[in-house]
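What follows is calculated from the coordinates using simple rules that are stated; it is not laboratory data. Nothing here was measured: the structure is a model prediction, and the numbers come from that model. Cβ sites come from the backbone with ideal geometry, for glycine too, and all protein chains shown count toward neighbours.
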Amino acid sequence: MVPACRSRAKYNYSEETRNGQSPCQYCGKIYRPQSIKQHEASCKSHQLAAKAREQCNKEYEKDIQQGELNALVLNFLVLTYMPSNSTTMGHINV
Ligand SMILES: [Zn+2]
């Protein structure tokens, strides 16, 4: 014997499924209408955090590259302007 409330719950579920599922606008996953809002709220912050992290990594890489470039330029300048017979090589702080 099946309780009446249970069959109603089942009906509601199939009704929701039939009424369409909404893709999350951030990750594209399909969610039921009553859970899409909640998911999107958390998904949005996840995506933003991931983007921020990505951006941060890019900035970091750029800094590293810039640092390497500066070191190259510095080496070049030192080599270029250093007298070939200099004995002060050990005193130059790079
Ligand atoms: Zn999502």
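Tabulated data for the structure shown
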| quantity | calculated |
| --- | --- |
| Environment charge at residue 24 (Cβ cut-off 13 Å; Lys +1, Arg +1, Asp -1, Glu -1) | +3 |
| The range 19-80, dipole about Cα centre (Lys/Arg Cβ +1, Asp/Glu Cβ -1), debye to the nearest 20 | 500 debye |
| Quarter of the Cα convex hull surface for the range 19-80, i.e. its orientation-mean projected area (nm²) | 4.7 nm² |
| Inter-probe distance in nm under a simple model that places probes 7 Å from Cα toward Cβ, at residue 30 and residue 56 | 3.5 nm |
| Table column - 3J(HN,Hα) (Hz), the range 33-43, Karplus curve with 6.51, -1.76, 1.60, x for Gly and Pro | x, 7, 10, 5, 4, 5, 5, 4, 4, 6, 5 |
